[in-house]
Amino acid sequence: MNIKITDKALRYFLETPLTPEELAHDISLCGPTFDRVSKVDGDYLYEIEVITNRIDTASAQGIARDSAAILNQMGIKSKLLHDPYLEKINLYPNLPKTFHFEILDNSLVPRFTAVSLENVSIQDSPKDTQSLLSLSGERPINNAVDITNELTLLYGLPGHIFDLDKLAAQKLTIRESKNGEEVVTLDNQNNKLKGGDLVIEDGAGRLVDLCGVMGGSVAEVDQHTKNILLIFPVYQPSKIRRTSLYLQKRTLASQIYEKQPDTELCLPVLMNAIKLFGERTGSRVSSAVYDSNPLPSKAKEILLDINWANNLIGVQISSKTAVSILESLGFSVKNKGQNQIICTVPSWRRYDIDIKEDLVEEIARVYGYSKLPPTLPCVNLPPETKNKLLDTESKIKNLLSSQGFNEVYNNSLISLDLIEKTLLKEASHLKLNNALSKDYEYLRTTLVPSMLQNIKNNQGKTEEPFNLYELSNVYLSVGEKLPQENSMLVIGTTASFRLAKGHLALLFEHLNLKEYKFKSSTSCPIYFVAENTAMINSNSSTIGFIGSIKPAILHKLGITSDPIVVEIDTQKLADSILENYIYKPISDFPDVVEQITINTNERVGDIIEKIRSVDKLIKDVSYLDSFEKNHSFKITFSSPDKNLTQSEVNDVKKTVKTLFN
Amino acid sequence: MLSLSTMAINYKETIEEIKKRFSKDLSGVNTVKDLELLEVKYLGRQGEINLLFKTLPLKDDPRIGKAINDLKNSSQQQLSDKLSVLLNQAPKDTFDVTIPGTPLPKGTRHLITQAIEEIEDIFTRLGFVRRRYPEVETDWYYAEGLNIPKDHPARDDQETFYVANDVVLTAHTSNGQLREMERVKTPPIKMINIGKTYRRQADTSHSTMFHQFEGLLIDKNINITHLVGVMDYFAKSFFGNDRNIRLRPHHFQFTEPSFEIDINCGLCHGTGEIKNSPCKFCKSGWLELGGSGMVHPNVLKNGGIDPEIYSGFAFGWGVERVLMMKSGLNLPDLRLLYTDDLRFLKQF
């Protein structure tokens, strides 16, 4: 939450020798952050970020209180002025009752104060007030309404005024709304309520206030108003938040009420309001002050061990300094001996100070975070084994990029359209309950659809062939509460199948994956053309697939090339990789390399397998090329213990030939 | 005596003849390879000069041996002179050194990958161990166990994607905190969890999917100065040694105290001004890096760790955010990181 306050408003509560810029700089390091200071006509304007749990600082007096504590600790003599908690309270007990409130559920209205005023004369506010409001982002309306708005800025407690003569004030009921009830608010909007909103109903059965969010137009104060009902309430915060969110009325009042301002502020602010109404509208108090305080809470006490606090902060702050910091922030502190103190939490900090760690924060920030020296911790960690998956992922990225592949990051969320176009089943995907758009609605179960989109998107923009890859988790629904998150690798290339396979083989070599085979797939994911897809097996488990994509899918996606796609389960790949290299002795005797051409209907991979298994002397078989049914290979013969003779080599070659006759 | 004298004359002729032939052959040599052949022909083990030691009657006249040795030495000298001439002559085959090399495709690791590895590397140097925890998570690990009760306002800010009533796409990596505490059981803990996160929000500075890195350190006697030390080390390593951080008070449910960590702006060097006008990159000289804080005792308890014995700190920052903040990159829109356009991807 951000607020704007003027320098004049702040200095009504704070006496300090600092310039506005110095003030903003010094306070930001220890308290609320001053985002900006700007010079405006005859004044300065501060834009301040209020920390969510410090609603007590959403006002000039709150900022002033924190500032005085911080500046004094820095050695800059400063003083809090006009402290509302020292205000003299007059409940006008001898005046009559002019209205009657009934609160149906006390837990929803922790505090409610009200008073009526007579002889009000409505006109414009004085220049200073108008200027304060305009600068702070509020529109000046008239001298009465402006008072409550000004007090909100000064004290951080919103109030509201009704034209008393427009109300059936003999019975004002504060209750929860019913579903379907309507209330017209001061912005002239008719609001249909969902029920459970806090509202005030008057004796004529009309809703006159949408509590904590905006007043009702029924009893709007206008230039003819003579009698006013003035209220300063505090409501249950979650009620106000809910109403203001669903009605999209994020008023300053609702933003303060939803964070629970101090109930102890109600009467002091009411006293100030009465004073200002007298000065600016000529009014007089016409009723006794109504004050409902059904559940007065006892002040919280927290025990703090100063040594423990210093251990958590990491520097030695003397007990004296710690106590003076806490006291300057409004805590009352009692010594309990042995460096232990009992701190009583001031009413305005009741909701953000709960535990001793909260006190540590107060001491440390006012002492000054900038005085804490950076220290590297020494931690005796037990030894850690390598994380194979993370290690493999990182290696894959390095290797593929050095082989000319470009990494892409796709969103894990995809559209139903893409699921259907790639022939996947909607039902197997986890769907968002609250998607932002149809494009990002389902969690991916495979990386292939996004990769196909990447290929399509680059088509015609980048010279082909191009090579893309992505490494990411997919989310598989496995019938348990949480999906299984599998790390996957996908490669998409517009180069040839052989080139793609060559790259993959090189990747495997570098990763030290020794045992792997490309096999005709008997079953493969639905988007692959089964006949043109190989499954990649390692140690008898399938780690992935390489192949081409069904023409129907390519057509629907508008892909004009016939890309090769590789899909690999990174965890399975990582599990198959050998941890260490194994040394193979190098033969002292020279290899003999021979070419051979074989005429057969069999497939090249099968031929190679067959040749390899013919004889121990065959060390390696590599494929050269094919012409129709003729396939040429280069065979490397080698023996670990002798020089091979030509006739030995020829014998083996002959055996090879006979296999394919 | 006569025969001896004839022999003496003959050996001179023989040597003279070989010497002449060698000179002639040598003058015809133009390559190092031919020179090596010539050396074998005359000076090899079976070469003409060595053969003279066998064919001429060395014993008859001591001058014969001396003459052969002279021939051998002078031939060797000439060969080595010639070799140095050959090795120093201008190349016959010259090529155009300005011709472009054969183009090879440039592969890349994505900017986000590079940032993640750099971040991981920095924290590894400090002894943090990389972990990976779920990106789709139950409400307990994601919120309730992190001290964010069911009715807390942080819940209804509509920034979280749900796949079931109490299963979310994580909008932060802090779920890793409880998971790591449960895994380790007894501190010390020193981990960095880097993963994908999702937020129900999309504009120039937000993508629905992004990445976070979550640090968690728990041990006995861990204090705020340690948090400052680690944050300062990271900021200087990642952004440059001349950068500084500062802590500002903040509030998060799962840390107490909580801090916002700022780094001084690299553009205006922390002054907030460039040539007398306000710096457009920062708020008065400082940029928000991200949040951090001392782990809330309730969170420690929820992770099964006794807050009376152990303390720790945690931080969870955006990978894209620190990447975009690194000066010089100049991306106008964070969502560019998620384009698949190769003309973008190939730049890095």
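The values are calculated or read from the model by the stated rules, or taken from the named source; none is laboratory data. Note that the coordinates shown come from a computational prediction; the quantities given were computed from them, not determined experimentally. In this analysis, Cβ positions are derived from the backbone assuming ideal geometry, glycine residues included, and neighbour counts consider all displayed protein chains. Side chains included, ligands, DNA and RNA excluded: accessible areas come from the protein's heavy atoms. Shrake-Rupley method; radii C 1.70, N 1.55, O 1.52, S 1.80 Å.
For (1) in a loop (DSSP other than H, G, I, E, B); (2) open to solvent by 20 Å² or more (accessible area, probe 1.4 Å); (3) more than 12 Å from chain B (Cβ to nearest Cβ), each residue gets a yes or a no:
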{"site": "A:Ile231", "(1), (2), (3)": "no, no, yes"}
{"site": "A:Gln248", "(1), (2), (3)": "yes, yes, yes"}
{"site": "A:Ala253", "(1), (2), (3)": "no, yes, yes"}
{"site": "A:Ile256", "(1), (2), (3)": "no, no, yes"}
{"site": "A:Leu265", "(1), (2), (3)": "no, no, yes"}
Exercise. Is it fair to say B:Gly304 is surrounded by 19 or more Cβ atoms within 10 Å (Cβ to Cβ), of a type outside the set (A, V, I, L, M, F, W, C) and touching a residue at least 60 places away in the same chain (Cβ under 8 Å)?
Worked result: no
For this session: Can you tell me which residue within segment B:330-348, out of those that are outside any helix (DSSP H, G or I) and facing chain A (nearest Cβ under 9 Å), is nearest to B:Pro105 (Cα to Cα)?
Result: B:Lys346
For this session: Looking for whichever is in contact with a helix residue (DSSP H, G or I) (Cβ under 9 Å, 6 or more places away or on another chain), on the phi < 0 side of the Ramachandran plot and without any contact (Cβ under 8 Å) to a residue 24 or more places away in the chain here; the options are A:Val592, A:Val621. Which one fits?
Result: A:Val621
Exercise. Do any residues in segment B:22-45 that are open to solvent by 80 Å² or more (accessible area, probe 1.4 Å) have Cβ atoms under 7 Å from those of residues that are of a type in the set (A, V, I, L, M), where the two are at least six apart or on different chains, and which pairs are they?
Worked result: B:Glu39/B:Leu79
Seminar exercise, completed: For segment B:283-303 the number of residues that are part of a strand (DSSP E or B), out of contact with any Ser or Thr (no Cβ under 8 Å at 6 or more places or on another chain), within 13 Å of chain A (Cβ to nearest Cβ) and under 30 Å from B:Trp140 (Cβ atoms) is 1
For this session: Could you please find all residues in segment B:313-329 being away from chain A (no Cβ under 11 Å), within 17 Å of B:Leu287 (Cα to Cα) and not basic (Lys, Arg)?
Result: B:Phe315, B:Gly316, B:Trp317, B:Gly318, B:Val322, B:Leu323, B:Met324, B:Met325, B:Ser327, B:Gly328, B:Leu329
Exercise. Between residues in segment A:183-194 that are hydroxyl-bearing (Ser, Thr, Tyr) and residues that are surrounded by 16 or more Cβ atoms within 10 Å (Cβ to Cβ), which pairs lie under 8 Å by C-beta distance while being six or more apart or on different chains?
Worked result: A:Thr185/A:Asn191; A:Thr185/A:Leu210; A:Thr185/A:Val213; A:Thr185/A:Met214; A:Thr185/A:Gly215; A:Thr185/A:Gly216; A:Thr185/A:Ser217; A:Thr185/A:Lys249
For this session: Within segment A:298-321, identify whether any single residue is surrounded by 16 or more Cβ atoms within 10 Å (Cβ to Cβ), over 29 Å from B:Asp219 (Cα atoms) and β-branched (Val, Ile, Thr), and answer yes or no.
Result: no
For this session: Restricting attention to segment A:202-219, report how many residues are touching a Leu at 6+ places or on another chain (Cβ under 6 Å) and either under 15 Å from A:Leu252 (Cα atoms) or open to solvent by 40 Å² or more (accessible area, probe 1.4 Å) (or both).
Result: 3
For this session: Name every residue in segment B:194-209 that is at the interface with chain A (Cβ under 10 Å from one of its Cβ atoms) and in contact with a helix residue (DSSP H, G or I) (Cβ under 8 Å, 6 or more places away or on another chain), in order of residue number.
Result: B:Ile194, B:Gly195, B:Ala202, B:Ser207, B:Met209
For this session: Residue by residue through segment A:158-199, note down the ones that are open to solvent by 70 Å² or more (accessible area, probe 1.4 Å) and within 30 Å of A:Thr281 (Cα to Cα).
Result: A:Asp165, A:Gln170, A:Lys171, A:Asn188, A:Gln189
For this session: May I ask you to say which residue of A:Asp43, A:Asp35 is of a type in the set (Asp, Glu), over 29 Å from B:Pro257 (Cα atoms) and open to solvent by less than 50 Å² (accessible area, probe 1.4 Å)?
Result: A:Asp43
Seminar exercise, completed: The condition of being more than 37 Å from the chain's Cα centre (by Cα) and open to solvent by less than 30 Å² (accessible area, probe 1.4 Å) holds, among B:Ala154, B:Ala143, B:Ala90, only for B:Ala143
For this session: Would you mind stating whether A:Tyr475 is part of a strand (DSSP E or B), in contact with a Pro (Cβ under 8 Å, 6 or more places away or on another chain) and touching a residue at least 40 places away in the same chain (Cβ under 8 Å)?
Result: yes
Exercise. Just to be sure, is B:Lys220 within 19 Å of B:Ala143 (Cα to Cα) and not hydrophobic (A, V, I, L, M, F, W, C)?
Worked result: no
Seminar exercise, completed: B:Pro149 vs (1) open to solvent by 20 Å² or more (accessible area, probe 1.4 Å); (2) more than 9 Å from chain A (Cβ to nearest Cβ); (3) more than 27 Å from A:Leu430 (Cα to Cα): all pass except (3)
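For segment A:399-426, give me each residue that is surrounded by fewer than 16 Cβ atoms within 10 Å (Cβ to Cβ) and either touching a helix residue (DSSP H, G or I) at 6+ places or on another chain (Cβ under 6 Å) or more than 7 Å from chain B (Cβ to nearest Cβ) (or both). Can you show your working first?
Initial filter on segment A:399-426 (surrounded by fewer than 16 Cβ atoms within 10 Å (Cβ to Cβ)): A:402, A:416-417, A:420, A:423, A:425-426.
Those that are surrounded by fewer than 16 Cβ atoms within 10 Å (Cβ to Cβ) and either touching a helix residue (DSSP H, G or I) at 6+ places or on another chain (Cβ under 6 Å) or more than 7 Å from chain B (Cβ to nearest Cβ) (or both): A:Leu416, A:Asp417, A:Glu420, A:Leu423, A:Lys425, A:Glu426.
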Problem set entry | Qualifying residues in segment B:180-193 (those that are in contact with a strand residue (DSSP E or B) (Cβ under 8 Å, 6 or more places away or on another chain) and more than 9 Å from chain A (Cβ to nearest Cβ)) - the one nearest to A:Leu443 (Cα to Cα) | B:Asn193
Seminar exercise, completed: Across (1) of a type outside the set (A, V, I, L, M, F, W, C); (2) in contact (Cβ under 8 Å) with a residue 40 or more places away in the chain; (3) away from chain A (no Cβ under 13 Å), B:Tyr310 clears everything bar (3)
Exercise. (1) away from chain A (no Cβ under 11 Å); (2) surrounded by 18 or more Cβ atoms within 10 Å (Cβ to Cβ); (3) free of Cβ contacts under 8 Å to residues at least 60 places away in the same chain: which one isn't true of B:Leu216, the others all being true?
Worked result: (3)
For this session: Tell me, please, whether a residue that is at the interface with another protein chain (Cβ under 9 Å from one of its Cβ atoms), free of Cβ contacts under 8 Å to residues at least 24 places away in the same chain and within 25 Å of B:Lys301 (Cβ to Cβ) can be found in segment B:259-282.
Result: no
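Out of A:Lys519, A:Lys438, which single residue is more than 10 Å from chain B (Cβ to nearest Cβ), within 30 Å of A:Asn580 (Cα to Cα) and touching a residue at least 12 places away in the same chain (Cβ under 8 Å)?
On the way: A:Lys438 fails: within 30 Å of A:Asn580 (Cα to Cα).
Only one candidate qualifies: A:Lys519.
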For this session: Identify the single condition in (1) touching a residue at least 40 places away in the same chain (Cβ under 8 Å); (2) part of a loop (DSSP other than H, G, I, E, B); (3) open to solvent by 20 Å² or more (accessible area, probe 1.4 Å) that B:Asp242 does not satisfy, given that it satisfies every other one.
Result: (1)
Exercise. Within segment A:383-398, how many residues turn out to be open to solvent by 60 Å² or more (accessible area, probe 1.4 Å), farther than 16 Å from A:Asn467 by Cβ and within 8 Å of chain B (Cβ to nearest Cβ)?
Worked result: 2
For this session: Go through segment A:540-591 and count every residue that is closer than 20 Å to A:Phe497 by Cβ and acidic (Asp, Glu).
Result: 2
